[in-house]
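Below is one structure; the comments refer to it alone.
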Amino acid sequence: MKAMMMFICMLLVQGMAMANNRINGRVVDDNDASPLIGATVVLSDEAGKQVMGVTTDTNGCFELKEVMTGDYTLQCSYIGYDTFTLVLKQLERNTDLGEIRMKPASEVLDEVVIEGEKVIQKIDRQLVMPTSAQKKAATNGVSLLQHLQIPGLSVNAIEKSITTNYGESVQLRINGVEVTQAEVIAIRPEDVIRVEYHEQPGLRYGGAAAVIDYIVRRRESGGNVSADLTNTISPLGFGNYYLSGKYHRGKSSFSALMQWSRRDLEWNRENEETFYYPDKVITNRETVAAPNRIKYDYLNTSLNYNYTNGDKSMLNIAFRTDIKDIPYGFTDRNTILYQEDKKYEVKDREQSETHIPSLDVYYQLNLKNDQHLYFDVVGTYLGSDNQRTYSMTEQGQTPVEIFSKTKGDKYSIIGEAIYERPLWNGKLTTGMKHNQATMDNVYDGDALTKVSMNTAETSFFAEYQSKVGKLNYTLGMGAMRTFYKQGKARQEKYFSRPTLSMSYSLGKVFLRYNASLSGYAPSLSDLSDVTQPMDAYQVRRGNPSLKSVTYFSHRLSASYQNKWMNMDVSARYSYDDKPIMEETVYENRMFVRTYDNQKEFHRLNTQANLLLQPFGQYVSIKLNPFFNRFISRGNSYTHTHSNWGFRGSIIGMYKSWTVMMDMFTSNHELWGETINKGESIHSVALGYNKEKWAIQAMVMNPFTKDYHQGVENVSHLAPNKQIGFSRDFCPMFMLNASFNLSFGKQKQAVGKRIHNDDSDTGILSGSK
């Protein structure tokens, strides 16, 4: 009996041992060993049936309890990383797997990894891995990008804007989801796994000039509150304020965001213009009589609800409002006009208010075999009120006065669907997008005009990415239909949109080529048949007969990287066939500024980017010389313009301290008969950054008293030069403070991949 009891006890102990095996480990990033929070760990038996699963905690740790003795397969998965697989044979005891290092997601496309560098080159993008020092020195997603110093990108530390070196807007994304500038500012740098830079995005991204995609770790639960506050010390009329909050509960998450930008500064304008009448020539020179004001408030808010059903689907609903209040604009004038022996007082003021509420409903469905469906529908209302008052007064004479008032109402709906799947040795992406809008504008004041328009734009595309040997390629084909109707006027046009991208690696040299054929439709304001007075000599008029434009683009680049240097040279040539550009005509003793489909427009942009890191990650020097060449051929004119320039920056980091110096010379752009001359600025900043908060002092233009922007029109009938300048910018002292407070664990989620909005009010303005 005693022996029997001992035998039974041995069986029970053995059974308990079989049932009480434990597997534990820690999942980390292969690059910097940082924990992957919310990674999925699944244990499957020999038949492939899932036995149990958990997610990693805030330290990247996991534990699987009460695992029976046997053979298993353990898999770790995390968004943006390759799946880790481990076979466990004859598991019969507690097992500590230690660190499981997961690598950033690999693809079917070849990659070039530079030894000792945090850059991976792919056919369609660069994968940039921030270092621990760069994350520590940065306060948000924008400042992190500034520290990365990616060739081809320009980061304005004051406005927190991101553009290409050509001055084009950059599309921003987080985990594949298109987001706003404010959402990027809300990113915690320590959460960023890598930054993906698409310098030649295809049809998949809707014709964007470039794309930045932040791959970040997702929250498990709880949330965070963050703020980024910037204001000038001298003068006090400049501020950018960002507030955000997020909360996660179960499969749902809620977020709220507010961005407020305000300006209240002194601004001066000078103007010189000549009018060539058939019987005389008039030359006007305007000098500053008294400083004008730049005063505006931009307020953007959003409320967001997200529901994620594991890896199967995701629903996102966002309500956004954009409010712009501009009581004093950039074009306002308070000047003295000299005309031969005559003297006039000129006052020009434009006021505007815009309200743009929108509702965005997004749904993502993940299918078997790595197939994905994305749907997005956005409804938008754009309400606008514009008012302009102009007077030109000669002492003792009756003044010339112009008053105009415009009220606009626009309703639009945008729908888009995208399908992705692996195909053969590559990836196929197809999509369709439709934009429908109706607009009613009432132009009041000296004349009353009502304008009603209906527009539609429908596009389809298909893109395939694959490789042949060492040659990577992307082939794309798209088609677009544009439609416009105003009264009895009606037009529609169809055009194709083929694209080709290729890349080839020669050791440490990486070559890229991109070519595309596309098109664009005229804006609603350009299509308006309204005539708006500008001053005593000029009027502005739309043109309902405008046709859509065909656009060709070619880009070639070569890059070289090693441990201490990153060098990139590129050239882009583009051609617009029958572009919509300005035309000045003389009618009834007035000069009419209008638009027409002109002959052609050529654009050549070349640049070199050199990034030096002589002391590793602690000091980086970025040098960017560039050259622009423009050829504008109209029906009655031909103009050319060239522009040399330079951008440079130096960033130094030591422990919690950061020093930054930037310099940008003016970037010019000719379009039609107008040359826009951008700002030339330089800045110096000193920052101190702790784990949850940071403070930075900055001074803009400390070594000059001259800040200006210029516009020059080279019409043979009515040329003019306009210069805007402000002494408030030379120098301008600023202070930035930020914090990001988190609570709870991290949450893994599916990322939204497409985003649409509408901001074209269709208002034709008569201001200069």
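Listed by first and then second residue, the pairs with beta-carbon distance under 9 Å, at least 6 apart or on different chains, first residue in region 496-514 and closer than 23 Å to Tyr551 by Cα, second of a type in the set (Asp, Glu) and at pLDDT 90 or above, are Thr499/Glu463.
For region 394-404, state whether one or more residues are at pLDDT 90 or above and surrounded by 15 or more Cβ atoms within 10 Å (Cβ to Cβ). The answer is no; no qualifying residue exists. Within region 576-599, the set of residues being over 17 Å from Pro522 (Cβ atoms), hydroxyl-bearing (Ser, Thr, Tyr) and buried (at least 17 other Cβ atoms within 10 Å of the Cβ) comprises Thr584 only. Residue selection: Gly672 satisfies the criterion of being out of contact with any helix residue (DSSP H, G or I) (no Cβ under 8 Å at 6 or more places or on another chain), outside the structural domain of Asn156 (by TED's automatic domain parsing) and on the phi > 0 side of the Ramachandran plot. Does region 343-356 contain any residue that is more than 30 Å from Ile294 (Cβ to Cβ), part of a strand (DSSP E or B) and among the hydrophobic types (A, V, I, L, M, F, W, C)? No; the residues of region 343-356 include none that is more than 30 Å from Ile294 (Cβ to Cβ), part of a strand (DSSP E or B) and among the hydrophobic types (A, V, I, L, M, F, W, C). In summary, strands (runs of 3 or more DSSP E) completely within region 167-284 and bearing 1 or more residues that are touching a Ser or Thr at 6+ places or on another chain (Cβ under 7 Å), assigned by TED's automatic domain parsing to the domain that holds Ala536 and more than 22 Å from Pro35 (Cα to Cα) occur at 222-234, 238-249, 252-276.
Evaluation of Leu546 against the conditions (1) in a strand (DSSP E or B); (2) over 30 Å from Val346 (Cβ atoms); (3) more than 23 Å from the chain's Cα centre (by Cα) shows that the sole unmet condition is (1). Reported count of residues in region 168-179, each being within 12 Å of the chain's Cα centre (by Cα) and surrounded by 19 or more Cβ atoms within 10 Å (Cβ to Cβ), is 8. Do the conditions hold for Lys677, that is, is it surrounded by fewer than 16 Cβ atoms within 10 Å (Cβ to Cβ) and not β-branched (Val, Ile, Thr)? The answer is no for Lys677. So if I check each of Thr499, Thr482, Thr474, which one is touching a helix residue (DSSP H, G or I) at 6+ places or on another chain (Cβ under 8 Å) and under 21 Å from Arg204 (Cβ atoms)? Unique residue meeting the criteria: Thr499. Scanning region 682-712 for residues that are within 30 Å of Gln134 (Cα to Cα) and either assigned to a loop (DSSP other than H, G, I, E, B) or not assigned by TED's automatic domain parsing to the domain that holds Ser642 (or both) turns up Lys690, Glu691, Lys692, Asn701, Pro702, Phe703. When each of Gly426, Gly469 is tested for being of a type outside the set (Lys, Arg), surrounded by 16 or more Cβ atoms within 10 Å (Cβ to Cβ) and assigned by TED's automatic domain parsing to the domain that holds Tyr551, the lone residue that passes is Gly426. Looking only at residues of region 82-100 that are over 30 Å from Val468 (Cα atoms) and surrounded by 15 or more Cβ atoms within 10 Å (Cβ to Cβ), we find that the one that is modelled with the lowest pLDDT is Leu91. Just one of the numbered conditions (1) of a type in the set (Val, Ile, Thr); (2) more than 30 Å from Asn514 (Cβ to Cβ); (3) at pLDDT below 90 is not true of Thr232: (3). Selection of region 608-633 for residues being among the aliphatic types (A, V, I, L, M) and in contact (Cβ under 8 Å) with a residue 40 or more places away in the chain yields Ala608, Leu610, Leu611, Leu612.
Scanning region 324-331 finds one or more residues that are in the same structural domain as Met432 (by TED's automatic domain parsing), assigned to a loop (DSSP other than H, G, I, E, B) and small (Gly, Ala, Ser). On the stretch given as region 647-667, residues that are assigned to a strand (DSSP E or B) and either surrounded by 18 or more Cβ atoms within 10 Å (Cβ to Cβ) or among the basic types (Lys, Arg) (or both) total 8. Arg572 passes every criterion in (1) closer than 30 Å to Gln134 by Cβ; (2) part of a strand (DSSP E or B); (3) over 23 Å from the mean Cα position of the chain (by Cα) apart from (3). Only residues that are surrounded by fewer than 21 Cβ atoms within 10 Å (Cβ to Cβ) and not in a strand (DSSP E or B) were counted in region 508-525, giving 3.
Every test in (1) buried (at least 16 other Cβ atoms within 10 Å of the Cβ); (2) within 30 Å of Lys343 (Cα to Cα) is passed by Glu420 save one, and that test is (2).
Taking the criterion of being among the small types (Gly, Ala, Ser) and either in contact (Cβ under 8 Å) with a residue 40 or more places away in the chain or not in a loop (DSSP other than H, G, I, E, B) (or both), the residues of region 391-422 that qualify are Ser391, Ser404, Gly408, Ser412, Gly415, Ala417.
Screening region 221-276 for residues that are acidic (Asp, Glu) and surrounded by 20 or more Cβ atoms within 10 Å (Cβ to Cβ) and picking the one that is farthest from Gly744 (Cα to Cα) gives Glu273. Among the numbered conditions (1) within 24 Å of the chain's Cα centre (by Cα); (2) on the phi > 0 side of the Ramachandran plot, the only one that Gly222 does not meet is (1). Scanning region 438-462 for residues that are within 24 Å of the chain's Cα centre (by Cα) and surrounded by 20 or more Cβ atoms within 10 Å (Cβ to Cβ) yields Ser459, Phe461. Among residues of region 287-325 being at pLDDT below 90 and touching a Leu at 6+ places or on another chain (Cβ under 6 Å), the one that is nearest to Leu373 (Cα to Cα) is Ser313.
Right, Arg388: free of Cβ contacts under 8 Å to residues at least 60 places away in the same chain and assigned to a strand (DSSP E or B) or not? Taking the combined requirement at face value, the residue does not satisfy it.
Residues being surrounded by 16 or more Cβ atoms within 10 Å (Cβ to Cβ) and closer than 29 Å to Glu190 by Cα: count how many of those fall in region 35-53. Number satisfying all stated conditions: 8.
The set of residues in region 136-167 that are without any contact (Cβ under 8 Å) to a residue 60 or more places away in the chain, under 21 Å from Tyr298 (Cβ atoms) and surrounded by fewer than 19 Cβ atoms within 10 Å (Cβ to Cβ) comprises Asn156, Ser161, Thr163. The residues of region 607-622 that are part of a loop (DSSP other than H, G, I, E, B) and either buried (at least 16 other Cβ atoms within 10 Å of the Cβ) or modelled with pLDDT of 90 or more (or both) amount to a single one, Gln613.
Within region 526-552, if we keep just the residues that are more than 26 Å from Ser404 (Cβ to Cβ) and of a type outside the set (Phe, Trp, Tyr), the residue that is surrounded by the most Cβ atoms within 10 Å (Cβ to Cβ) turns out to be Ser548.
The values are calculated or read from the model by the stated rules, or taken from the named source; none is laboratory data. In this text, all values refer to a predicted model and were calculated from it rather than measured experimentally. Don't worry about glycine lacking a Cβ; one is built from the backbone with ideal geometry, like all the others, and counts go over all protein chains shown.
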